[in-house]
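Undergrad: Okay, handing you the structure first.
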Amino acid sequence: MVKTDDKLNELKTRMQEVGDLNSAGAVLSWDQSTYMPAGGAPARGRQMAILGRIAQEKFIDPAVGKLLDDLQPYADSLPYDDDNAALIRATRRSYDKATKVPPAFLAEYYEHAAHAYQVWTEARPANDFKKVQPLLEKTLDMSRQLANFFPGYEHIADPLIDFADYGMKAASVRKVFSELREQLVPLVQTITAQAAADDSCLKQHFPEDKQLEFGRMVIQKFGYDFNRGRQDKTHHPFETKFSIGDVRITTRVKENDLGEALFSTTHESGHAMYEQGVDPSYEASPLDGGTSAGVHESQSRTWENIVSRSRPFWEHFYPELQKTFPKQLDKVSLDTFYRAINKVQRSLIRTDADEVTYNLHVMIRFELELQMLEGTLAIKDLPKAWHAAYKSDIGITAPSDVDGCLQDVHWFGGQIGGMFQGYTLGNILSAQFYAEALKAHPEIKKEIGQGKFETLHTWLKDNIYRYGSKYTAPELIERVTGRGLDIAPYIQYLRAKYGELYKL
Ligand code: ZN
């Protein structure tokens with residue numbers, strides 16, 4: 001037994017070193033996106049690359065594989081729910097994946113991704129798809145290579161989807177998406193046939209400091225702990241974690257658009273509360289961190305959409321918002337404001353899309369990814385295919401590629417495949433989890449109307465946050481809801497909310 005303890009401790013120490021190196025890299029990356037002067041870029045890229053490489057080398061060390069082999073009988077002897085069993089299981093899963101990808105490939109892949117990203121930042125404002133086309137061709141080629149390190153798949157996208165949303169495959173995502181689409185398309189048609197909501201009240205001048213102050217007040221009430229986090233400004237809002245005691249968020253403020261900072265703040269706070277809520281004993285281990293892209297996004301969407309775009313929420317907070325911006329909002333009714341923040345429209349930009357149309361944007365990207373990987377869509381034809389998909393699915397066409405296939409960073413700073421499904425899985429799951437929270441605590445709705453969030457926050461902590469990556473996403477969904485991924489609660493949520501708004 002002593003021997004087993006020694007081995008377990010060695011595994012934990014090694015994993016902690018890997019975790020700490022990755023967190024140190026995250027600090028550098030956070031700094032790069034917030035405060036670093038432009039002159040720091042070349043050295044910073046180098047510094048992050050070396051930290052990442054050392055972490056990777058330490059992780060794929062054959063000694064780790066040997067420890068995992070030696071510890072397997074011990075893991076098998078433990079109950080499935082035991083933390084040590086889960087730690088060994090999760091480490092084994094990541095180790096088996098990581099060791100299949102040759103380090104030389106990975107180095108080339110990261111270098112290429114950094115280069116492609118750099119070129120994209122120039123090509124996008126210039127509407128110059130041709131400039132990134134050869135790089136994107138290489139990205140596609142490398143994405144295929146990456147998938148092929150995991151032979152035996154049904155669809156070439158499967159291994160890439162599995163990285164982000166363990167347990168999902170192209171076929172299972174396609175099935176869920178087509179069911180959802182069937183419900184969403186008529187809903188979008190019915191709503192957009194009506195006169196669009198007037199959201200001009202959000203487009204006045206709102207001073208930055210007051211916007212930030214209001215957002216901070218809201219997320220503090222949600223339960224985001226500023227003693228274990230902070231908020232800074234950036235270009236593209238994100239959440240990042242250095243330890244369970246330091247989970248940061250970023251936002252961007254538009255003084256002529258009240259929704260931008262407010263909803264990116266509530267969104268990122270949801271990601272951050274998930275990370276702040278992980279069991280402290282998992283610190284810097286493979287269990288420390290959200291379990292999948294979809295589950296992570298479900299937590300941000302819960303606070304951004306289900307809570308902070310709801311009527312009860314604003315029945316409580318709108319008077320405070322009016323007090324913060326009396327000149328701008330004194331004459332704007334709660335009803336007008338509520339309709340403005342939930343305006344549904346056919347639009348071109350995914351990140352600006354409303355709750356009802358958002359998933360259509362995701363589905364377009366997901367299908368294009370599959371086609372590119374299958375080889376049925378060549379990169380040179382991507383802009384045309386993009387515009388055609390928008391025309392047929394959303395009903396509008398972008399005037400250029402800036403608001404077309406050049407809009408999202410994902411393919412230009414990472415791989416093609418597995419990058420988008422998590423957003424829609426997250427939307428679906430947010431409603432599925434929330435329905436369970438309401439079953440356990442029907443008072444949550446009333447409490448939101450009183451500006452109280454402790455019951456909801458505690459339920460999420462107890463049922464989701466604390467487990468980190470102890471359970472895989474399919475396991476967690478089953479444990480929390482008693483069944484697999486289910487679109488019904490999400491459809492119900494959308495129908496109830498938008499049915500009332502648009503008198504459907
Ligand atoms: Zn998110």
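The values are calculated or read from the model by the stated rules, or taken from the named source; none is laboratory data. Just so it is clear, the model here is predicted, and its values are computed rather than measured. All Cβ positions, even for glycine, are placed from backbone atoms using ideal geometry, and neighbour counts span all protein chains on display. Surface accessibility is based on the protein's heavy atoms, side chains included, excluding ligands, DNA and RNA. Shrake-Rupley method; radii C 1.70, N 1.55, O 1.52, S 1.80 Å.
Undergrad: So how far apart, in nm, are the two label points at residue 483 and residue 133 if each is 7 Å from Cα heading toward Cβ?
TA: 4.8
Undergrad: Leaving ligands, DNA and RNA out of it, work out the accessible area of residue 156 with a 1.4 Å probe and give it in Å² to the nearest 10.
TA: For residue 156, the solvent-accessible surface is approximately 20 Å².
Undergrad: Also, quick follow-up: Report, to the nearest 10°, how far helix 2-34 tilts away from the longest principal axis of the Cα atoms in the chain, using its own Cα long axis and a range of 0 to 90°.
TA: With rounding to tens, the tilt is 40 degrees.
Undergrad: Based solely on its DSSP helices, what 222 nm [θ] is calculated for the chain when runs of n ≥ 4 H residues each add -39,500 (n - 2.57) and the sum is averaged over all residues, nearest 500 deg cm²/dmol? Please report the intermediate quantities before stating the final value.
TA: Values: 22 runs with 319 residues, N = 504.
So the calculated ellipticity at 222 nm is -20500 deg cm²/dmol.
Undergrad: Return the inverse of the average 1/r over all pairs of distinct C-alpha atoms in the stretch 2-153, which is the Kirkwood hydrodynamic radius, in Å to one decimal.
TA: Values: mean 1/r = 0.0551 Å⁻¹.
When all Cα pairs of the stretch 2-153 are included, the Kirkwood radius is 18.1 Å.
Undergrad: Take the alpha carbon atoms of the stretch 390-489, find their radius of gyration, then divide it by 2.2 N^0.38 Å using N residues; give the quotient. It would help to have the intermediate numbers written out before the result.
TA: Working: Rg = 18.3 Å, N = 100, 2.2 N^0.38 = 12.7 Å.
Normalised Rg, Cα atoms only: 1.44.
Undergrad: Total Lys pairs in the stretch 368-504 closer than 18 Å by alpha-carbon, pairs eight or more apart in sequence or interchain only? Walk me through the numbers on the way to the answer.
TA: On the way: 439/452; 439/461; 445/461; 445/497; 446/497; 452/461; 461/470.
Step by step, the pairs that qualify in the stretch 368-504 add up to 7.
Undergrad: What angle, in degrees between 0 and 90 and rounded to the nearest 10, separates the Cα long axis of helix 421-440 from the longest principal axis of the Cα atoms of the chain?
TA: Roughly 80 degrees between the two axes.
Undergrad: Something else about it: How do 29-37, 307-315 rank on mean C-beta neighbours within 10 Å, highest first? It would help to have the intermediate numbers written out before the result.
TA: Values: 29-37: 14.4, 307-315: 18.9.
Ranked by mean Cβ neighbours within 10 Å, highest first: 307-315, 29-37.
Undergrad: Can you give the extra length, in nm with one decimal, that the chain gains between residue 107 and residue 333 once fully stretched, where that is 0.36 nm per residue apart less the Cα-Cα distance?
TA: Numbers: separation 226, 0.36 × 226 = 81.36 nm, distance 5.56 nm.
Working it through step by step, the gained length comes to 75.8 nm.
Undergrad: Here's something else I'd like to know. Pop a pseudo-label 7 angstrom from the Cα along the beta-carbon direction at both residue 495 and residue 255 and give the gap in nm to one decimal.
TA: Distance between the two pseudo-spin positions: 4.6 nm.
Undergrad: Please report the spacing between the Cα centers of the stretch 438-494 and the stretch 349-373 in Å, no decimals.
TA: 25
Undergrad: When the chain is fully extended, how far beyond the present Cα-Cα distance does residue 410 get from residue 148, taking 0.36 nm per residue of separation?
TA: Working: separation 262, 0.36 × 262 = 94.32 nm, distance 2.04 nm.
Contour length minus Cα-Cα distance gives 92.3 nm.
Undergrad: If you don't mind, there's one more thing I want to ask. Taking only protein heavy atoms into account and a 1.4 Å probe, give the accessible area per residue of the stretch 330-407 in Å². Walk me through the numbers on the way to the answer.
TA: Numbers: 2870 Å² over 78 residues.
Computed with neighbouring chains in place, this is 37 Å² per residue.
Undergrad: Then there's this: With an 8 Å Cα cut-off and a minimum separation of 6 or more residues, compute the relative contact order for the chain in percent.
TA: Value for the chain: 20 percent.
Undergrad: Lys pairs in the stretch 2-153, Cα-Cα under 19 Å, at least 8 apart or on separate chains: how many?
TA: 13
Undergrad: Please report the carbon-and-sulfur percent of the accessible area for the stretch 31-150; probe 1.4 Å, protein heavy atoms only, DNA, RNA and ligands left out.
TA: Working: 3620 of 6340 Å².
Summing carbon and sulfur atoms, their accessible area is 57 percent of the total for the stretch 31-150.
Undergrad: Which Rg and Dmax, in Å, describe the Cα atoms of the stretch 170-501?
TA: Reported Rg and Dmax, both Å: 19.5, 56.
Undergrad: Determine, from the Cβ-Cβ distance of residue 392 and residue 32 and an R0 of 35 Å, the FRET efficiency 1/(1 + (r/R0)^6), rounded to the nearest 0.05. Can you show the working numbers first?
TA: Working: r = 39 Å, r/R0 = 1.12.
Working from the Cβ atoms, E equals 0.35.
Undergrad: Let me ask something else. Report for the chain the percent antiparallel among DSSP-assigned beta bridges with both residues inside it, nearest 5.
TA: DSSP beta bridges in the chain are roughly 60 percent antiparallel.
Undergrad: Now, a different point. Considering only protein heavy atoms, with the full assembly of protein chains and a 1.4 angstrom probe, order 246, 128, 165, 69 by accessible area, largest first. List each step's numbers first, then the result.
TA: Working: 246 35, 128 55, 165 5, 69 90 Å².
Solvent-accessible surface, decreasing: 69, 128, 246, 165.
Undergrad: Computing the accessible area with a 1.4 Å probe over protein heavy atoms, can you report the carbon and sulfur percentage for the stretch 407-504?
TA: 52
Undergrad: Report the full-extension gain for the segment residue 93 to residue 200: residue separation times 0.36 nm, less the Cα-Cα distance, to one decimal in nm. If you can, show how the numbers build up before the last one.
TA: Working: separation 107, 0.36 × 107 = 38.52 nm, distance 5.02 nm.
That works out to 33.5 nm of additional length.
Undergrad: Roughly how many Å² of residue 336 are accessible to a 1.4 Å probe, to the nearest 10?
TA: Its heavy atoms expose roughly 60 Å² to the probe.
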